[in-house]
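Notes for the one structure printed next.
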Amino acid sequence: MHCYFCQKNIKDIDFKNTKALESFTSAAGKIKAKEKTKLCSFHQRKTAQAIKRARFLALLDYVKK
Ligand SMILES: [Zn+2]
């Protein structure tokens, strides 16, 4: 298992933790594919959800300039 969140035993990804979420987005601000993030499917889904939530609350950019 190489999943970042599994290793840290984190079940719920905090959408306020934008620093961590940013590392799972590409330079353009897109959510990275599962193959690139190396997350398990459970955490990939959780991460995507957290990023979307953070975007909605304007904590993360939809598109980086
Ligand atoms: Zn995981």
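FYI, it's all coordinate maths here, none of it is from the lab. Computed from a prediction, not measured in an experiment: that's the story for all the values here. Glycine gets a Cβ as well: all are built from the backbone with ideal geometry, and neighbour counts include every protein chain shown.
Taking the 0 to 90 degree range and rounding to the nearest ten, how far is the long axis of helix 41-56 tilted relative to the main principal axis of the chain, both from C-alpha atoms?
Tilt of helix 41-56: around 20 degrees.
Run the paramagnetic zone check for ARG53: 7 angstrom along Cα to Cβ, then residues of segment 11-40 with backbone nitrogen under 13 Å.
Output list for this probe position: 11-18, 21.
With +1 assigned to the C-beta of every Lys and Arg and -1 to the C-beta of every Asp and Glu, and no other charges, what is the dipole magnitude of the chain about the Cα centre in debye, to the nearest 20? All intermediate terms of the calculation are to be shown ahead of the outcome.
Values: 16 positive and 5 negative charges, 23 e Å.
In total the dipole reaches around 120 debye.
Please list the non-local residues whose amide H lies under 5 Å from the amide H of THR25, H modeled 1.01 Å from N, same-chain partners needing a gap of 5 or more.
Correct list: LYS32.
Charges on Cβ only, +1 for Lys and Arg, -1 for Asp and Glu, centred on the Cα centroid of the chain; of ILE51, LEU39, VAL63, which one is farthest towards the dipole's positive end?
Selected residue: VAL63.
For the chain, divide the Cα radius of gyration by the Kirkwood radius and give the resulting Rg/Rh value with two decimals. Mind showing how you got there, number by number?
Values: Rg = 11.1 Å, Rh = 11.7 Å.
Value, to two decimals: 0.94.
Straight-line reach only, C-alpha to C-alpha below 19 angstrom: list the lysines that LYS32 could link to, leaving out same-chain residues fewer than 8 apart.
Straight-distance partners of LYS32: LYS16, LYS19, LYS46, LYS52, LYS64, LYS65.
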